[in-house]
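A short write-up of the structure that comes next.
The values are calculated or read from the model by the stated rules, or taken from the named source; none is laboratory data. All figures in this text were calculated on a predicted structure; none of them were measured in a lab. Virtual Cβ from ideal backbone geometry, glycine too; neighbours counted across all protein chains shown. All accessible areas refer to the heavy atoms of the entire protein, side chains included, with ligands and DNA or RNA removed. Shrake-Rupley method; radii C 1.70, N 1.55, O 1.52, S 1.80 Å.
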Amino acid sequence: KNVQGINWQDMLLRNGSTQIHNISLSGGSNGTKYLVSGSIFNQAGTIINTQYKRYQGRAVLDQIINNKLSAGINLNYSYDVSSGIIPSVSQAGSATSSLFSSAWGYRPVAGPLESKDYLQKNLLDSALNIPGYSDYMVNPVQAAENEGRDIYNTIFIANAYLNYKIAKNILLTIRGGLDKRLNESTYFYNSKSRLGITRPGIFAAGVQGGVAYSQYNLLSNDNVITYTKDFNKNNHLEIMGGFSMEQIHTNSFGLKVQNIPNEEEGLSGIDEGIPLSNSARISSSSLVSSFGRVNYNFKSKYLFTATFRADGSSKFAPQNRWGYFPSGAFAWKMSDEKFMKHISFITDAKLRI
């Protein structure tokens, strides 16, 4: 009773830290505006061997080419990596023994016939190696240090636009966009991890690993023409019409392997193991839309809107691929009427149908 016990929580946890570095440059002239920025985010988790890093960059340029034409581009890039153990995931063969169950339940004091560092050196307590006994407590420090999990995310988004003034009251706007995302997830459990160790009397997959890749690509295009007309100070008309296109392509591939014979090779040795499962999926879809809208404004008090949109999606059968969506709206700004001016407790009132 006088032996100092091991504080597993103190060994497993640490003071987390976060570093954030940002830089941005912006400026321009009468016809040019630009912005360039970047940031680095680096966080060490409160559990040993856990961390998160993110790198981001952005560039924006708006250019007036002449009195009729203007254009711009917006680029965004980010890359982040998260790694380390997931504390809530239970060990194989047990529904209750998460990482913190081990931190609270693993034996803190060695016996008289055991070496002083016996408990720190071993993942499992041999005193509990009872065949068929599933609720094993594992060395939480060893578990955290030997479970390799990494998730990588790469995102690149680009948008560009072009405005062309066809006539005094007619404006053409063309937009294009790209959204590209790549996700890579890997894991490797060696023989000193909760899921990679072989236990007496319990089926285990042994040393195991896996990789998963998924990719998402979106291409979009919008073309809009707008006509505006002020007949006098009380009558304003706006007519807008256009069409858009969208193409999405996704794919994902995954492989899980167990009983890897040469764990020192890490992920490069998963081809020597026994396949546990694999997956593959490729899909594409497209969407085409046409749309129109009419706005009429009378004295800024009476507002009328009519819209119509037609969408065709490749996700539906050819005989039922299109949907049509008409709508209309009316708004009345009552607070601008003379009979409401004397009501002091109302500053703004609007009815919309």
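Side notes on the structure shown:
- Considering residues of the range 262-276 that are assigned to a strand (DSSP E or B) and aliphatic (A, V, I, L, M) only, the residue surrounded by the fewest Cβ atoms within 10 Å (Cβ to Cβ): Ile274
- Ser284 meets all of the listed conditions (1) assigned to a strand (DSSP E or B); (2) in contact with a Leu (Cβ under 8 Å, 6 or more places away or on another chain) but one, namely (2).
- Only a single item in (1) loosely packed, with under 14 Cβ neighbours inside 10 Å; (2) in contact (Cβ under 8 Å) with a residue 24 or more places away in the chain; (3) outside any loop (DSSP other than H, G, I, E, B) is not met by Lys315, and it is number (3).
- Residues satisfying the stated conditions in the range 45-77, i.e. in a loop (DSSP other than H, G, I, E, B) and surrounded by fewer than 16 Cβ atoms within 10 Å (Cβ to Cβ): Thr46, Ile65, Asn66, Asn67, Lys68
- Filter result (under 30 Å from Leu255 (Cα atoms) and either open to solvent by less than 40 Å² (accessible area, probe 1.4 Å) or not in a strand (DSSP E or B) (or both)) within the range 155-186: Asp179, Ser185, Thr186
- Selection count, the range 13-37, where residues are over 25 Å from Ser185 (Cα atoms) and either part of a strand (DSSP E or B) or not polar (S, T, N, Q) (or both): 16
- Some residue of the range 51-71 being more than 30 Å from Lys168 (Cα to Cα) and among the hydroxyl-bearing types (Ser, Thr, Tyr): yes
- Condition met for Ile40 (within 20 Å of Thr154 (Cα to Cα), among the aliphatic types (A, V, I, L, M), in a strand (DSSP E or B) and open to solvent by less than 80 Å² (accessible area, probe 1.4 Å)): yes
- Remark: pairs (first residue in the range 135-161, in contact (Cβ under 8 Å) with a residue 24 or more places away in the chain and closer than 21 Å to Gly209 by Cβ; second residue part of a helix (DSSP H, G or I) and open to solvent by less than 50 Å² (accessible area, probe 1.4 Å); Cβ separation under 6 Å; 6+ apart in sequence or on different chains) = Val138/Ser102.
Okay, residues lined up against (1) touching a Leu at 6+ places or on another chain (Cβ under 7 Å); (2) exposed (fewer than 14 other Cβ atoms within 10 Å of the Cβ):
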| site | (1), (2) |
| --- | --- |
| Thr305 | no, no |
| Phe308 | no, no |
| Phe325 | no, yes |
| Ala331 | yes, no |
| Phe345 | no, yes |
| Ala349 | no, yes |
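Each row is one residue, and each column tells you yes or no for (1) of a type in the set (Gly, Ala, Ser); (2) assigned to a loop (DSSP other than H, G, I, E, B); (3) open to solvent by 40 Å² or more (accessible area, probe 1.4 Å); (4) more than 24 Å from Val141 (Cα to Cα).
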residue: Lys229; (1), (2), (3), (4): no, no, yes, yes
residue: Gly241; (1), (2), (3), (4): yes, no, no, yes
residue: Thr250; (1), (2), (3), (4): no, no, no, yes
residue: Leu255; (1), (2), (3), (4): no, no, yes, yes
residue: Asn278; (1), (2), (3), (4): no, no, yes, yes
residue: Gly292; (1), (2), (3), (4): yes, no, no, yes
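- Beta carbons closer than 9 Å, at least 6 apart along the sequence or on distinct chains, pair a first residue in the range 57-75 that is among the hydroxyl-bearing types (Ser, Thr, Tyr) with a second that is open to solvent by 60 Å² or more (accessible area, probe 1.4 Å) for Ser70/Gln63; Ser70/Ile64; Ser70/Tyr161; Ser70/Leu162; Ser70/Tyr164; Ser70/Lys165.
- Listed by first and then second residue, the pairs with beta-carbon distance under 7 Å, at least 6 apart or on different chains, first residue in the range 21-46 and at pLDDT 95 or above, second surrounded by 10 or more Cβ atoms within 10 Å (Cβ to Cβ) and of a type in the set (Phe, Trp, Tyr), are Ser26/Tyr34; Gly27/Tyr34; Ile40/Tyr55; Gln43/Tyr52.
- Taken over the range 78-103, the criterion of being modelled with pLDDT of 85 or more and exposed (fewer than 14 other Cβ atoms within 10 Å of the Cβ) is satisfied by no residue.
- Test: residue in the range 256-273 that is over 30 Å from Asn190 (Cα atoms) and among the charged types (D, E, K, R): no
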